[in-house]
Amino acid sequence: MAWALGANSNSPPFAPAIGANAISTMQAAFVVGVLAALGAVTQGGAISETVGADLINTVGITPLAATAGLLTAAMFMAFGVYSGYPVPAAFATTGAMVGVGLSLGGDPATATYQRLGLFWVLVPPVSGGMAYGTAKLLRGENVPETVGVPLLAGVVAGIVANIQLGVIPAPPGAAQNSLAGYVSMVAGLPAVGGLDLARVLATAALALLGFVAIRRRTQASVDRGIRTFLVVLGGIVAFSSGGSQVGLATGPLQNLFVEQLRLDVLLLLSLGAVGILAGAWMGAPRLLQATSREYAQLGVRRSIAALVPGFIIAQAAIALSIPISFNNIIISGVIGGGLAAGSAGVSRRKIGVTVTFWVLTLVTSVAIGYGVHTAFSTVLGVQ
């Protein structure tokens, strides 16, 4: 399953960069694998817990149920890799785990479904809308590119300063911390007007660093500066995708590893990270080509516009412990950026087929997961 995620759902973050000819397909596949694996280890715990424990009530996921759920979801992912249509991993895994949980006799976690459903429904308009607005800003004549692109870089850097990472020392009682949070913890400055002054200063410092670095590049060469930011942004989004996607592979095993075997969750996340790394290196190029070439004829500006909302939404989902489909986010951003220059570059047929695949994946994965686990448990005589 982790291999399929690396090949499928962790590919879209670099698709806009490839579409803009800022990086080659094989280079992107290599970088995606490394960064997504790092993101999986440092940010994947929250999503893993949601998938493993919060999708069904009154029962725990057994090893056989986890096997049935992972097999079902992985089949959907493999189909997406070899058909060229990106299958939403979050939909496939969530549906499969709900199906096996119901087969175990569990009760539906209605509150969780409502929370996930609302977030998923909001992703396309929010991602597409943000991408549309960003593309319009970058294409506008009122803001010079030597200012607009560095400003976006500063915003992204400021957000990076506040993302939660498992490798940063955290205060007592906290599992993770951010760069800005660590500075605040070390500095120990008192709050001013209810604001954590040290955190604000650390965020501003990193945002300024991002602004200055890209501004210097754009002043030397606008084209080179924009392409540099696009590749860096793709790397940051690939890192975020690993953190948000690994839980789809490790979540079904959460109960087995943590509750039954008493193993550290970091070992489970590392196992998922290895699978993601292998999948990205071995299977990503096909999906990278599909998402970069077939959805819109992207330039560098629309590519940036597609990735900025992807990064923001992914980190919001991680903070809220919500499994998401990166295909959903990035493709919506690609479409929004494409529409900013007119709809001629957007394949409406491809969009329609993809959305249909998304809906069918969510519905059929529940039924197939239920059926696969029922068949396994009947044949083997165990749950």
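The numbers here are math on the coordinates, done by the rules we state, and not lab data. Just so we're clear, the structure is a prediction, and the values are computed from it rather than from any experiment. Counting neighbours? That spans all protein chains shown, and the Cβs are built from the backbone with ideal geometry, glycine included.
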ask   = What is the calculated FRET efficiency for Leu208 to Val167, with r their C-beta to C-beta distance and R₀ = 30 Å, to the nearest 0.05?
value = 0.80
query = Taking the simple approach of a point 7 Å from Cα along Cα-to-Cβ for both Leu320 and Val143, what is their distance in nm?
reply = 2.4
remark   = In degrees, nearest 10, the alpha-carbon axis of helix 89-103 is tilted away from the dominant principal axis of the alpha carbons of the chain by 20
ask   = Once fully extended, how much extra length lies between Leu201 and Met26, figured as 0.36 nm per residue of separation less the alpha-carbon to alpha-carbon distance?
value = 59.1 nm
inquiry  = Counting other beta carbons within 10 Å of each residue's own, what order do Ile159, Ile313, Ile330 fall into, fewest first?
reply    = Ile159, Ile313, Ile330
message = Just to confirm the filter: which trypsin sites (Lys or Arg not before Pro) across segment 209-298 are DSSP coil and have at most 15 other Cβ within 10 angstrom of their Cβ?
response = Arg262
key: Sequence-distant residues sharing a close amide H with Leu165 (under 5 Å, placed H)   = Asn177, Ser178
task = Would you calculate, for the chain, the mean residue ellipticity at 222 nm contributed by helices, counting each DSSP H stretch of 4 or more residues as -39,500 (n - 2.57) and dividing by all residues, to the nearest 500?
result = -25000 deg cm²/dmol
query = What ranking do Val156, Val366, Val147, Val334 get, fewest neighbouring Cβ atoms within 10 angstrom at the top?
reply = Val147, Val366, Val156, Val334
query = Using the alpha-carbon centroid of each, what span in Å lies between segment 55-133 and segment 137-171?
reply = 30
task = Multiply the residue separation of Thr58 and Ser221 by 0.36 nm, subtract the distance between their alpha-carbon atoms, and state the gained length in nm to one decimal.
result = 52.7 nm
task = Determine, from the Cβ-Cβ distance of Tyr113 and Ala375 and an R0 of 25 Å, the FRET efficiency 1/(1 + (r/R0)^6), rounded to the nearest 0.05.
result = 0.50
key: Pairwise FRET efficiency - Ala187 versus Val355, Cβ, R0 = 51 Å, nearest 0.05   = 0.60
inquiry  = Please compute the contact order of the chain in relative form: average sequence separation of alpha-carbon pairs under 8 Å and at least six residues apart, divided by the residue count, as a percent.
reply    = 40
